[in-house]
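What follows is calculated from the coordinates using simple rules that are stated; it is not laboratory data. As the structure is a prediction and not an experimental result, all values here were calculated from the model. As a convention, Cβ positions derive from the backbone with ideal geometry for all residues, glycine included, and neighbour counts pool all protein chains shown.
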Amino acid sequence: MTAPAWLERGVLIVGGGIAGLTLAGALQRMGVECQLAERSETWAPVGAGIILGVNAMAIMRRFDLADGLEERAWALEGMTITDAKNRHLIRTNLAELRPRFGISLALHRAVLHEALLSAARGVPIRMGTTVDSLEETDECVRAHFSDGSEASFALVVGADGLHSQVRSLVFGDVPLRYSGYTCWRMVVESDEMEVSAQEMWGRGQRFGAVHIDAKRVYCFAVVNAEAGRPDPAAGRVQRLREEFSEFAGPVPALLASLEAPEQLIQNDLYEVLHTPWYRGRVVLVGDAAHGMTPDMGQGAAMALEDIAVLTESLGLTDSPAEALGAWAARRTARVRWIQNQSRRIGQVGQWESRLACGLRNQLTRATPAWAATRALKALAGQRI
């Protein structure tokens, strides 16, 4: 794909996460000059696990990144949902999607980050740097950096996550929507998993576990809670064990594998419902544009799809307004549907009423497995 003339001044990418690094590698392949600003001083293997569904892996293949990931990840055959007592509710058959849509993977976020960073090698990266202000003209955007330097760009892309500084600079203070629940994530060594991926539904609680390799399991524990509830390191592990003491199956052994509070990453879960996603020559992608709850496991996939469609749109016109308008038009309906579905699934999964949870579990158990698999096929088959 040939780079359009209007991008001659280059692109500034703000944020070195999944969206930012993917875009950096993609623009480099297009021959578009770009640089990346990342607020962290150094790259560190932060985060826990991540699932890349078939639509996410389709983008990985498009950018020639899939093979390297598959060698260091766990191929998912299915996802089993049970109640808190480990009684079967439903299973989604991911293997059935393979012939048409390819593989789904579970892996450590550090593995994905390494692959994306390698693909973006050669792109200048400003570590420990933020953007303090943006000044836009008809021809460019002038960025003022926290290190005192300035530079002009044809396009600025805010890939700086849920609490995006670029979003604040362009659109002001955009309120986040709190989901009503908080989440602990962790990676432990364990051989207690009978299936490769499982989510367990309790009352106001959920626990998920998925292999990311032969020895390690990525877990997430979700609890209804007020935003900002303190979680001091002292006693953190024991509190989580007590919180999920009524859960059966693999949960007791997985939580027993925890050794230190530093293994637990805790985040309140928020959404970004703001529109539009761009103004002039500044565009938001991924969580900066449309952060969503993780209940469909589609946050990373939506960021990757954003980048695939954005790079395609940039190469189709010499008008930045047309390029960004076309990108937003293609992305809005799909992203909003997935965002809304994720919220609904999370709300149902976090019900607390004994009666409501009993009915939820009965209906889920009565749902044929092919229905859940068909829903994933529909998602994977939609044009992005």
Applied in sequence order to segment 263-275, the curve 6.51 cos²θ - 1.76 cosθ + 1.60 (Karplus, θ = phi - 60°) yields integer Hz couplings, x standing for Gly and Pro, of 6, 9, 10, 10, 9, 5, 9, 10, 10, 10, 10, 6, 9
Show me, for segment 363-379, the HN-Hα J-couplings you get by feeding each phi into the Karplus relation (A = 6.51, B = -1.76, C = 1.60, θ = phi - 60°), rounded to Hz, glycine and proline as x.
5, 5, 5, 7, 6, x, 4, 5, 5, 5, 5, 4, 4, 5, 4, 5, 5
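So if we plug the beta-carbon distance of Asn86 and Thr367 into 1/(1 + (r/R0)^6) with R0 = 25 Å, what FRET efficiency do we get, rounded to 0.05? Could the numbers behind the result be given before it?
Values: r = 19 Å, r/R0 = 0.74.
So the FRET efficiency works out to roughly 0.85.
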Cys34 long-range amide H proximity, modeled H, under 5 Å:
Val11
3J(HN,Hα) from dihedral phi, segment 128-134, Karplus parametrisation 6.51/-1.76/1.60, rounded to Hz, x for glycine, proline:
x, 10, 10, 9, 7, 7, 10
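Restricting everything to alpha-carbon atoms, can you work out Rg to Rh for segment 185-267 with a Kirkwood hydrodynamic radius?
Working: Rg = 12.2 Å, Rh = 13.1 Å.
Result: Rg/Rh = 0.94.
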With N set to the residue count of the chain, report its C-alpha Rg divided by 2.2 N^0.38 Å to two decimal places.
1.00
If amide hydrogens are placed 1.01 Å from N in the peptide plane, which non-local residues have theirs closer than 5 Å to the one on Asp268?
Cys183
Where only alpha carbons of segment 240-305 are counted, the Rg and the Dmax (Å)
17.8, 53
At q = 0.17 Å⁻¹, what is the base-10 log of I(q)/I(0) for segment 100-171 according to the Debye formula with one equal point scatterer per Cα and no solvent? Please give it to two decimals.
-0.82
With a bin width of 10 angstrom, please list the P(r) values of segment 84-229 as percents of all Cα-Cα pairs, from the 0 bin to the one holding the largest distance.
8, 23, 27, 23, 15, 4, 0
For segment 1-68, what are the per-bin percents of Cα-Cα distances with bins 10 Å wide, up to the bin holding the maximum?
17, 42, 34, 8, 0
Would you list Cys219, Cys34 from fewest to most Cβ contacts within 10 Å?
Cys34, Cys219
Using alpha-carbon pairs under 8 Å, 6+ residues apart, how would you state the relative contact order of the chain in percent?
22 percent
Approximate spin-label separation Thr332-Arg374, in nm, with each point projected 7 Å along Cα-to-Cβ:
3.1 nm
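Indicate, rounded to the nearest 5 percent, the antiparallel portion of the DSSP beta bridges found entirely in the chain. Please list the in-between numbers first.
Details: 49 of 67 bridges.
If we restrict to bridges inside the chain, about 75 percent are antiparallel.
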